[in-house]
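Take a look at the structure set out below.
The values are calculated or read from the model by the stated rules, or taken from the named source; none is laboratory data. Keep in mind it's a predicted model, so treat the numbers as computed, not measured. Every residue, glycine as well, gets a Cβ built from its backbone with ideal geometry; the counts of neighbours run over all protein chains shown.
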Amino acid sequence: MSEYTMFGGKGGVGKTTCAAGYAAARAAHGEETLVLSTDPAHSLGDALETDLTSEPVEVAPDLHAVEIDPSVRADTYRMMGEALASDMRALGMRVGDDSLDNLFGSKMPGADEVAALDLFGLYMDDWERIVFDTAPTGHTLRLLDLPETVGSAVETAAGIRSKAKKTADRVKTVVLGPFAFRGEDEADEAFADLQARMERVTEVLRDPDLTTFRVVFRPEALVLSETERLVSRLGEAQVEVSDLVANGVLVDVNEDCDRCVRQRDRHRERLTTVRETFDLPVTEVPEMDEPSGVEALEAVGESLLREWD
């Protein structure tokens, strides 16, 4: 059974470092691991020092990585939109090109997140562990809200198509004869597959035995308020947060540097506040130069594994 780990949080807090490091460490322990970036502003390839594509790339033994590109699903969504628009017109509804693009095209609300979830649904059984390097908080919250929304939209579309078929099929049969239904099976299959994947993704994301969500933050005042908002919204989405990861914590400082000591003390105070605010374990990652490359990231991941395993 595959397991899934998601790293979320505000932009710039070190989600990519934590996600890539954790994935590298898991792979080093022999787990077939995929680390997947859903952030439109991808930095995973830079962290791994590897040119990534929209298809999984082998980075190290047992470690693959992919940066989600919504355009790889564009043709499928466009075909679905065209099929739905055709059926809506058969029911006497007017559907323009802009409306078509808004249905299942590039202008579809949350198109990036839909593609990320759709591709996750395709990949989810191919690796022992999938690690998510998620987009900043707003994108992540939309991503978690989408499976049910998309599933409901596809179900509604299926209802429209079913009604339209009863009208359109009679006309097509008279006019086109045996060529009437060529190409329709592909659209029907695409709708059914997308709905099935969204249902499965919803089930998996809400199962704490399968999915672990770890919220990354830096011990800074503004970041803490957004962390609290994310944890709250994840609870509303029925996604269980297992841990908080405090990244960039000042530990060893020059005691002769007053500014450094004050900053370290502020970090300590904020971590105390975090532990009092959240009933969650807090894992600390010390401040360091930004690691890059599999070996350096694996060292970060090993420090996380020691805390969690």
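Pick from region 9-19 the residues that are under 16 Å from Glu67 (Cα atoms) and within 14 Å of the chain's Cα centre (by Cα): which of them is surrounded by the most Cβ atoms within 10 Å (Cβ to Cβ)? If we take residues in region 9-19 being under 16 Å from Glu67 (Cα atoms) and within 14 Å of the chain's Cα centre (by Cα), then Lys15 is surrounded by the most Cβ atoms within 10 Å (Cβ to Cβ). Taken over region 192-230, the residue count meeting the criterion of being β-branched (Val, Ile, Thr) and either at pLDDT below 90 or closer than 18 Å to Leu119 by Cα (or both) is 6. Of the strands (runs of 3 or more DSSP E) contained entirely in region 28-80, those carrying at least 3 residues that are more than 23 Å from Gly11 (Cβ to Cβ) fall at 57-60.
State which residue is surrounded by the fewest Cβ atoms within 10 Å (Cβ to Cβ) when the search covers only region 231-257 and only residues that are of a type in the set (A, V, I, L, M) and modelled with pLDDT of 90 or more.
Let us first name the residues in region 231-257 that are of a type in the set (A, V, I, L, M), namely 231, 234, 237, 239, 241, 244-246, 249-251, 253.
Subsequent filtering for residues that are modelled with pLDDT of 90 or more retains 231, 241, 244-246, 249-250.
On the way: Val231: 20, Val241: 19, Leu244: 22, Val245: 25, Ala246: 24, Val249: 19, Leu250: 17.
Among residues in region 231-257 that are of a type in the set (A, V, I, L, M) and modelled with pLDDT of 90 or more, the one surrounded by the fewest Cβ atoms within 10 Å (Cβ to Cβ) is Leu250.
Looking only at residues that are of a type in the set (A, V, I, L, M) and outside any helix (DSSP H, G or I) in region 274-309, which one is farthest from Glu226 (Cα to Cα)? Walk me through how you get there before you give the answer.
From region 274-309, those of a type in the set (A, V, I, L, M) are 274, 280, 282, 285, 288, 294, 296-297, 299-300, 304-305; that's our starting set.
Going one step further and asking which of them are outside any helix (DSSP H, G or I), we end up with 280, 282, 285, 288.
Values: Leu280: 16, Val282: 16, Val285: 19, Met288: 23 Å.
Result: Met288.
Remark: Leu280 falls outside the filter, which requires a residue to be within 19 Å of Lys10 (Cβ to Cβ), surrounded by fewer than 19 Cβ atoms within 10 Å (Cβ to Cβ) and touching a Cys at 6+ places or on another chain (Cβ under 9 Å). Can you pull out every residue in region 120-147 that is β-branched (Val, Ile, Thr), within 20 Å of Gly21 (Cβ to Cβ) and modelled with pLDDT under 90? Passing the criteria: Thr134, Thr140. I'd like the residue in region 75-103 that is at pLDDT 70 or above, under 28 Å from the mean Cα position of the chain (by Cα) and over 19 Å from Thr149 (Cα atoms) and, out of all such residues, is surrounded by the fewest Cβ atoms within 10 Å (Cβ to Cβ). My answer is Asp75.
For beta carbons closer than 8 Å, sequence separation of 6+ or different chains, a first residue in region 260-273 that is assigned to a helix (DSSP H, G or I) and a second that is of a type in the set (Asp, Glu), the qualifying pairs are Val261/Glu255; Arg270/Glu220; Leu271/Glu284. Annotation: Val241 fulfils all but one of (1) under 20 Å from Tyr4 (Cβ atoms); (2) touching a Pro at 6+ places or on another chain (Cβ under 8 Å); the unmet one is (2). Taking the criterion of being aliphatic (A, V, I, L, M) and more than 24 Å from Val282 (Cα to Cα), the only residue of region 1-26 that qualifies is Met1.
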